[in-house]
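First up is the structure itself, then whatever we jot down about it.
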Amino acid sequence: MTMNKPLANLYIIRGLMLFLFVMTLIQMAQAQKEFTLDDLNYGGSNYHNMIPEQRYITWWGEKPVRLDLEECYAINESNGKEKLLISLDDINEWIGLDDSVKVRSLYYAEFPYADKPVVLVSNNKERFLVDFKRHTLLWRQSYVNMQVSDWNKSSRSVAYIENDNLYVCDAEGKVEQISSDGSRSIVYGQAVHRNEFGIEKGTFWSPDGKRLAFYRMDQSMVADYPQVDVFAREAEYAPDKYPMAGETSHKVTVGVYDIDTKRTIYLDAGDPTDRYFTNISWSPDASTIYMFELNRDQNDCRLVSYDAANGKRKSEIYNETDSKYVEPLNPIVFLPWDNTKFLMQSQKDGYNHLYLMDIYGKELRQLTKGSWVVMEMLGFNTDDKSVIYMSNEASPMQRNVYSVNVETGKRKPLDNGRGYHYCYLSDKGTKLYDNYSEPELPRGIDFINTKTAAGKNYFKADNPWKEYNSPEFKCGSIKAADGTTDLYYRMVMPVGFNPSVKYPTIVYVYGGPHAHNVDARWHYASRGWETYMAQKGYLLFILDNRGSENRGRAFEQATFRQLGQIEMQDQMMGIEYLKSLPYVDSTRIGVHGWSFGGFMTITMMTNHPDVFKVGVAGGPVIDWKWYEVMYGERYMDTPQSNPEGYEKTSLINQAKNLKGKLQVITGYNDNTVVPQHCLSFLAECIKEGTQPDFFVYPGEQHNMRGYQSVHLHERITQYFEDYLKPAK
């Protein structure tokens, strides 16, 4: 039987319509997928699939190379095409390693010599230099048992810590033990001053790799905080050296080891008592060491030079004072084409900027100027003698890359002028790769010519959330409590937002120095937990108050000697703004924060007990006299010199005012905000008859690691679900 043509066409059309209908239903179902904390929390099992796709790139001289697990690819930045450079199988074959010790990944491969086809790779026992043109192993070096290591490409020597002592192994494998008295009390070659002042490590190679400057920290006089290891068969004493504000601090000295002479000398910097040494740098000829030195009050900063051969003090080059505090965070950097001039960063005019100085201390010119801050100096384009740096000149919400000519001071933008950018310079600085995001763009990567500012897009990531029912992310500004200063906020709307519904609202807060929460990154830098809560029907509000970073000296120093007060006033301006919105349920406002944000959470709940119904405070500072000396005294001075400030900001005094539901959470072995804070607050609440809840993570420090972070955020979520959400 033959079907007539019109009828056949009708069946085809119906079939197509049914197919399209089914596909639409499938797409709608996909679009309605819900997030879990395993998706949104960094400790979750699916988190790696929910962050924007990345490309890992490094420089081989002026040539970009993409790193992957098993291959490295040379990139033609003009068209984005890639060519296989080396493979993991090649590397292991050329080195001659068997399966038990072979190199497992090329993600950490380095190309240390711009003019040589040489790659640096490693396994868990050795590092290797391999010639990938001749397919030969050039050099190998063992690093078994190295706790901390610092390799120098010029001399191929490595400085490392083993059993608390400092060693140097040269290119031929000869090992010299630099210290013999290393211990928990005498610390060598590691970060000191509790990682304040921009300090991230404790060893500093000279440019030629022949001399090593290193920290020695004597903390034998510092009181022990009595931490306990509860996982031993019988709980064991595991104390931390913890210098509290106003108490005895450690003493730091700087040593210099010479590979050729095998001698160690110490810089003649005088008595280290109640002084801070930071931002160590070398002269290009390796003859002089430069160091910023601060008094304990942190209001007098001096740049001093020392003879690297004998440690003698040469001269004081620069002195900066402030009625509140000076905070050097960056070492000086010499011009590659002039060994007598260097760049220094300072916020002495109110904003962090670049200054051109000579080695005699003369300020030659201020290279950058304006009501914005230099956020990072990347390096130099040595061809046109310009400096490449990151700043928020375009907007306090943004981070963009610029160049400024050292001779003329002419400044120009290099990127697309939007979003939040992280840039990485080639060896000579003629090119950079720009890894950035924008509120609606998960990730982009461009290659940029730093002389012409011509850019070429190499990669754009798809939206990893495209199959999920995501909330709307908004951004705006309000005035601070002073009535004039702009403060920026992020708002995460409830999924399925209906303006006629009143929603329970959670304020997420940090508020402290050296951090911010809101910027022009993807989703305005929203945290995954905010999306999780928006999915559950909450509105999230996040505001950067005065005292947070990248807004200039006056903005940051507004909180001096009274931490939490100005910040709270600004956060309450945010509350007033929320109350003006018809869709905010002003009877159901919660607050959550961690560390300084935990301090702010309890500060806000106890000073405004009728505003906040529920709070979760993680790792909270309770009284600044129990916090560490460098940070605490910078912002609060000592308890002895500022008793009114410490009394005013102490949350011990506020325990009696607690009305809402408050959960306090801490790591049992927190060595940043020690458990004394939480326990003392609980003791006072018991005394006053108020009723906070308390939860502890045994063995954890200040931040929960791995899957414990998922557990933590489940707990935080459940607390708001139990006490803030309207009953059904």
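The values are calculated or read from the model by the stated rules, or taken from the named source; none is laboratory data. Computed from a predicted structure; not experimentally measured. So basically every Cβ, Gly included, is an ideal-geometry build from the backbone, and we count neighbours across all protein chains shown. Each accessible area value is taken on the protein alone, full model and side chains, heavy atoms only, with ligands, DNA and RNA left out. Shrake-Rupley method; radii C 1.70, N 1.55, O 1.52, S 1.80 Å.
Taking the stated definitions as given, is Glu234 open to solvent by 50 Å² or more (accessible area, probe 1.4 Å), in contact (Cβ under 8 Å) with a residue 60 or more places away in the chain and either part of a loop (DSSP other than H, G, I, E, B) or in contact with a strand residue (DSSP E or B) (Cβ under 7 Å, 6 or more places away or on another chain) (or both)?
no
Of the numbered conditions (1) in contact with a His (Cβ under 6 Å, 6 or more places away or on another chain); (2) open to solvent by 20 Å² or more (accessible area, probe 1.4 Å); (3) part of a helix (DSSP H, G or I), Met630 satisfies every one except a single condition; which is it?
So the condition that Met630 fails would be (2).
Considering only segment 37-51, I want to know if a residue exists there that is under 15 Å from Pro464 (Cα atoms), open to solvent by less than 20 Å² (accessible area, probe 1.4 Å), touching an Asp or Glu at 6+ places or on another chain (Cβ under 7 Å) and in a loop (DSSP other than H, G, I, E, B).
Scanning segment 37-51, I find at least one residue that is under 15 Å from Pro464 (Cα atoms), open to solvent by less than 20 Å² (accessible area, probe 1.4 Å), touching an Asp or Glu at 6+ places or on another chain (Cβ under 7 Å) and in a loop (DSSP other than H, G, I, E, B), so the answer is yes.
Please determine, by comparing only the residues of segment 425-463 that are open to solvent by 50 Å² or more (accessible area, probe 1.4 Å) and touching an Asp or Glu at 6+ places or on another chain (Cβ under 8 Å), which one is nearest to His48 (Cα to Cα).
The extreme case among them is Asp462.
Given the criteria open to solvent by 50 Å² or more (accessible area, probe 1.4 Å) and small (Gly, Ala, Ser), does Ala223 qualify?
For Ala223, the condition - open to solvent by 50 Å² or more (accessible area, probe 1.4 Å) and small (Gly, Ala, Ser) - is met.
Is there a residue in segment 510-533 that is part of a strand (DSSP E or B), touching a strand residue (DSSP E or B) at 6+ places or on another chain (Cβ under 7 Å) and closer than 23 Å to Asp38 by Cβ?
Within segment 510-533, none of the residues are part of a strand (DSSP E or B), touching a strand residue (DSSP E or B) at 6+ places or on another chain (Cβ under 7 Å) and closer than 23 Å to Asp38 by Cβ.
So which residues in segment 637-673 are of a type in the set (Gly, Ala, Ser), open to solvent by 10 Å² or more (accessible area, probe 1.4 Å) and in contact with a strand residue (DSSP E or B) (Cβ under 9 Å, 6 or more places away or on another chain)?
Selection gives Gly660 alone.
Among what's in segment 531-557 and is in contact (Cβ under 8 Å) with a residue 40 or more places away in the chain and of a type in the set (Asp, Glu), pick the residue that is farthest from Asn435 (Cα to Cα).
Here the residue is Glu556.
Which residue is farthest from Asp150 (Cα to Cα), if the candidates are limited to segment 84-135 and must be of a type in the set (A, V, I, L, M, F, W, C), open to solvent by 20 Å² or more (accessible area, probe 1.4 Å) and assigned to a loop (DSSP other than H, G, I, E, B)?
Among those that are of a type in the set (A, V, I, L, M, F, W, C), open to solvent by 20 Å² or more (accessible area, probe 1.4 Å) and assigned to a loop (DSSP other than H, G, I, E, B), it is Leu97.
Could you tell me which of the residues Ser179, Ser183 is under 15 Å from Thr264 (Cα atoms) and in a loop (DSSP other than H, G, I, E, B)?
Among Ser179, Ser183, only Ser179 is under 15 Å from Thr264 (Cα atoms) and in a loop (DSSP other than H, G, I, E, B).
Would you confirm, using the coordinates I've provided, whether Tyr646 is within 26 Å of the chain's Cα centre (by Cα) and of a type outside the set (D, E, K, R)?
Here the answer is no, as Tyr646 does not meet what is asked.
Restricting to segment 588-610, name every residue that is open to solvent by 10 Å² or more (accessible area, probe 1.4 Å) and within 22 Å of the chain's Cα centre (by Cα).
Once the filter is applied, which keeps residues that are open to solvent by 10 Å² or more (accessible area, probe 1.4 Å) and within 22 Å of the chain's Cα centre (by Cα), segment 588-610 yields Trp594, Ser595.
Only residues in segment 240-268 that are free of Cβ contacts under 8 Å to residues at least 12 places away in the same chain count as the first member; pair them with residues that are open to solvent by less than 20 Å² (accessible area, probe 1.4 Å), Cβ under 9 angstrom, at least 6 apart or cross-chain, and list the lot.
Arg263/Val256; Arg263/Tyr257
Among the candidates Phe473, Phe497, single out the residue that is at pLDDT 95 or above, among the hydrophobic types (A, V, I, L, M, F, W, C) and in contact with a helix residue (DSSP H, G or I) (Cβ under 8 Å, 6 or more places away or on another chain).
Of the residues listed, the single one that is at pLDDT 95 or above, among the hydrophobic types (A, V, I, L, M, F, W, C) and in contact with a helix residue (DSSP H, G or I) (Cβ under 8 Å, 6 or more places away or on another chain) is Phe473.
Out of segment 293-309, which residues are closer than 11 Å to Arg275 by Cα and either open to solvent by less than 10 Å² (accessible area, probe 1.4 Å) or not in a strand (DSSP E or B) (or both)?
Result: Leu294, Arg296, Asp297, Gln298, Cys301.
To keep it simple, each residue is scored yes or no on (1) within 30 Å of His250 (Cβ to Cβ); (2) at pLDDT 95 or above; (3) small (Gly, Ala, Ser).
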{"site": "Leu97", "(1), (2), (3)": "no, no, no"}
{"site": "Lys133", "(1), (2), (3)": "no, yes, no"}
{"site": "Gln147", "(1), (2), (3)": "yes, no, no"}
{"site": "Asn152", "(1), (2), (3)": "yes, yes, no"}
{"site": "Arg156", "(1), (2), (3)": "no, yes, no"}
{"site": "Leu166", "(1), (2), (3)": "yes, yes, no"}
{"site": "Asp170", "(1), (2), (3)": "no, yes, no"}
{"site": "Ile178", "(1), (2), (3)": "yes, yes, no"}
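I want to confirm something. Restricting to segment 310-326 and keeping residues that are open to solvent by less than 40 Å² (accessible area, probe 1.4 Å) and assigned to a loop (DSSP other than H, G, I, E, B), which single residue is farthest from Thr273 (Cα to Cα)?
Per the stated criteria, the residue is Asp322.
Regarding Thr2, is this residue open to solvent by 60 Å² or more (accessible area, probe 1.4 Å), modelled with pLDDT under 95 and in a loop (DSSP other than H, G, I, E, B)?
So Thr2 passes the test.
What are the residues in segment 674-728 that are within 16 Å of Trp594 (Cα to Cα), free of Cβ contacts under 8 Å to residues at least 40 places away in the same chain, among the hydrophobic types (A, V, I, L, M, F, W, C) and crowded, with 19+ Cβ neighbours inside 10 Å, if any?
none
Which one is surrounded by the most Cβ atoms within 10 Å (Cβ to Cβ) among residues in segment 546-569 that are charged (D, E, K, R) and within 22 Å of the chain's Cα centre (by Cα)?
Within segment 546-569, the match that is surrounded by the most Cβ atoms within 10 Å (Cβ to Cβ) is Glu567.
Under 21 Å from Lys312 (Cβ atoms) and either out of contact with any Leu (no Cβ under 6 Å at 6 or more places or on another chain) or not in a loop (DSSP other than H, G, I, E, B) (or both) - does that describe any residue in segment 239-251?
Among the residues of segment 239-251, at least one is under 21 Å from Lys312 (Cβ atoms) and either out of contact with any Leu (no Cβ under 6 Å at 6 or more places or on another chain) or not in a loop (DSSP other than H, G, I, E, B) (or both), which makes the answer yes.
Scan segment 62-80 for residues that are surrounded by 15 or more Cβ atoms within 10 Å (Cβ to Cβ) and modelled with pLDDT under 95 and jot them down.
Listed by number, the list holds a single entry, Glu77.
Determine the pairs where a residue that is more than 14 Å from Gly476 (Cα to Cα), located within segment 574-586, has a partner that is of a type in the set (Gly, Ala, Ser) and open to solvent by 80 Å² or more (accessible area, probe 1.4 Å) with Cβ atoms under 9 Å apart, the partner being 6 or more residues away or on another chain.
Pro582/Ser500; Tyr583/Ser500
Any residue in segment 171-189 that is within 19 Å of Glu293 (Cα to Cα) and of a type outside the set (Phe, Trp, Tyr)?
Yes, there is a match, as at least one residue in segment 171-189 is within 19 Å of Glu293 (Cα to Cα) and of a type outside the set (Phe, Trp, Tyr).
Kindly list, by first and then second residue, each pair from a residue in segment 274-294 that is farther than 14 Å from Pro331 by Cα to a residue that is assigned to a loop (DSSP other than H, G, I, E, B) and open to solvent by 20 Å² or more (accessible area, probe 1.4 Å), limited to pairs with Cβ atoms under 6 Å and residues at least 6 apart or on different chains.
Final answer for the pair search is Asp274/Arg296; Ala286/Pro207; Ala286/Asp208.
Just checking, how many residues over segment 353-386 are polar (S, T, N, Q) and open to solvent by 30 Å² or more (accessible area, probe 1.4 Å)?
The number of residues fulfilling the criteria is 3.
Being among the basic types (Lys, Arg), open to solvent by 20 Å² or more (accessible area, probe 1.4 Å) and closer than 21 Å to Leu581 by Cβ is the requirement here; does Lys466 meet it?
no
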